[in-house]
Amino acid sequence: MFLDDLQKLIAKTFLDNKITTYSLDARIVLREVLNLDEKEFILQPKIQVSSENLGKIQKIVERRLKGEPISKIFGRRDFYSSTFLISTEVLDPRPESELIVDIANNFILDKKFKNVIDLGTGSGCILLSILKENKKMNGIGTDISFDAINIAKQNSSNLNLDERALFIVSNWFDSVDGGYDLIVSNPPYISSTEITNLSSSVKNYDPLVSLDGGSDGLVCYKEIADNLNRIIRKNGRIILEIGYNQADDVIKIFESKEFYLLKKYNDISGLDRILTFETKKT
Ligand SMILES: C[S@@+](CC[C@H](N)C(=O)[O-])C[C@H]1O[C@@H](n2cnc3c(N)ncnc32)[C@H](O)[C@@H]1O
């Protein structure tokens, strides 16, 4: 079978099964299995796909049709300007979290920040993207999951950031001394009851510990806000990702701990997604 015919067939199969990224996913499956870069893929529509490769492709298409995300199938995901190793032990990095990196870059430039801590670092995608963009920064990523920290460490080595990035297993910042200019976090924020309603590609492939924000979805924000003053410097800043309907609640939680809201940021659908805070000036 020719490559272009196979591409159309796979894309149609994905579309018929309501996979919204049907065209992109078909291209990724073929490029990965046939080991083609984007240019080779476009320039060789009439190469013959061997029966051995057809068998491999069919198995991958079946996994995708059962709801497994492409990134989990191939163990990699692009985020900001890098490709990250991922697994079933870490959250699949989401495009909306890239906004945290953009905001951090602006704060670092503006305030001459020197260090950053990423709470619930998962694959390390947020911390490592910040460090890659800001060559004078050092940072630490914490996670309660030992497996996540292992993945983050591998990503750090792959991006040659080991000298400036440290990853440790910790309940938020319990095992960390203070003195941070910038705190970033995308904590679990889905309420335990809502988790049952999530699509199978999320709830069956992202670890529960990366999603479950407790009975009201706000438990992690309360835990983080509680002692944050211990580790943040005066005039330090906080960047938090939130669920689309949590802005008011999260603002209340942080204001009750003497942080004040700098700004709310929307995602491309116009929903509140990121909040930034500063320590109250004394
Ligand atoms: C929504 S995921 C975010 C992962 C990554 N930062 C990202 O944006 O792709 C939340 C992360 O918080 C971690 N986590 C959950 N509870 C934690 C706790 N008590 N202390 C530290 N990390 C925790 C999870 O293991 C998970 O990796």
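The values are calculated or read from the model by the stated rules, or taken from the named source; none is laboratory data. Everything numeric in this text was worked out from a predicted model, so none of it was measured. All Cβ positions, glycine included, derive from the backbone under ideal geometry; neighbour counts span all protein chains shown.
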Cβ-Cβ under 6 Å, sequence separation 6+ or interchain: first residue in the stretch 9-33 and under 12 Å from Pro69 (Cα atoms) and in contact (Cβ under 8 Å) with a residue 24 or more places away in the chain, partner among the β-branched types (Val, Ile, Thr) and in a helix (DSSP H, G or I). Which pairs? Asp25/Ile70; Ile28/Ile70; Val29/Ile60
Could you tell me whether any residue of the stretch 49-69 is within 30 Å of Asp212 (Cβ to Cβ), within 16 Å of the ligand (Cβ to nearest atom) and either at pLDDT 95 or above or surrounded by 12 or more Cβ atoms within 10 Å (Cβ to Cβ) (or both)? yes
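Which of the residues that make up the stretch 34-53 are in a helix (DSSP H, G or I) and among the aliphatic types (A, V, I, L, M)? Don't jump to the end; show me each part of the working.
Pass one, the stretch 34-53, residues in a helix (DSSP H, G or I): 34, 38-43, 51-53.
Listed by number, the residues that qualify are Leu34, Ile42, Leu43.
Looking at Gly139, Gly124, Gly179, which one is within 28 Å of Lys222 (Cα to Cα), within 12 Å of the ligand (Cβ to nearest atom) and in the same structural domain as Tyr265 (by TED's automatic domain parsing)?
Details: Gly139 fails: within 12 Å of the ligand (Cβ to nearest atom); Gly179 fails: within 12 Å of the ligand (Cβ to nearest atom).
Selected residue: Gly124, the only one of Gly139, Gly124, Gly179 that is within 28 Å of Lys222 (Cα to Cα), within 12 Å of the ligand (Cβ to nearest atom) and in the same structural domain as Tyr265 (by TED's automatic domain parsing).
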Residue list for the stretch 11-33, filter: of a type in the set (A, V, I, L, M, F, W, C) and in a helix (DSSP H, G or I): Ala11, Phe14, Leu15, Leu24, Ala26, Ile28, Val29, Leu30, Val33
Out of all the residues in the stretch 95-104, is one or more under 18 Å from the mean Cα position of the chain (by Cα), modelled with pLDDT under 95 and at negative phi? yes
Residues to consider are Arg77, Arg63; find the one that is in contact (Cβ under 8 Å) with a residue 40 or more places away in the chain, closer than 20 Å to Ser199 by Cα and within 26 Å of the chain's Cα centre (by Cα). Arg77
Does Leu109 meet the test of being touching a Cys at 6+ places or on another chain (Cβ under 9 Å) and either within 26 Å of Lys234 (Cα to Cα) or crowded, with 22+ Cβ neighbours inside 10 Å (or both)? no
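In the stretch 257-282, which residue that is of a type in the set (Val, Ile, Thr) and exposed (fewer than 13 other Cβ atoms within 10 Å of the Cβ) is modelled with the lowest pLDDT? Walk me through it before giving the result.
Step one: list which residues in the stretch 257-282 are of a type in the set (Val, Ile, Thr), which gives 268, 274, 276, 279, 282.
Restricting the remaining residues to those that are exposed (fewer than 13 other Cβ atoms within 10 Å of the Cβ) gives 268, 282.
Details: Ile268: 85, Thr282: 55.
If we take residues in the stretch 257-282 being of a type in the set (Val, Ile, Thr) and exposed (fewer than 13 other Cβ atoms within 10 Å of the Cβ), then Thr282 is modelled with the lowest pLDDT.
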I need every pair where a residue in the stretch 220-235 that is exposed (fewer than 15 other Cβ atoms within 10 Å of the Cβ) has its Cβ under 8 Å from the Cβ of a residue that is in a helix (DSSP H, G or I), sequence separation at least 6 or different chains. Asn235/Lys111
Tell me which residues, restricted to the stretch 95-116, are free of Cβ contacts under 8 Å to residues at least 60 places away in the same chain, within 16 Å of the ligand (Cβ to nearest atom) and of a type in the set (D, E, K, R). Glu98, Asp102
Report whether or not Tyr205 is of a type in the set (Ser, Thr, Tyr), assigned by TED's automatic domain parsing to the domain that holds Asp174, within 16 Å of the ligand (Cβ to nearest atom) and part of a helix (DSSP H, G or I). no
List every residue pair whose Cβ atoms sit under 6 Å apart, with the two residues 6 or more apart in sequence or on different chains, where the first one lies in the stretch 119-143 and is part of a helix (DSSP H, G or I) and the second, anywhere, is β-branched (Val, Ile, Thr) and within 12 Å of the ligand (Cβ to nearest atom). Ile126/Ile100; Ile126/Val184; Leu127/Thr121; Ser129/Val101; Ile130/Val101
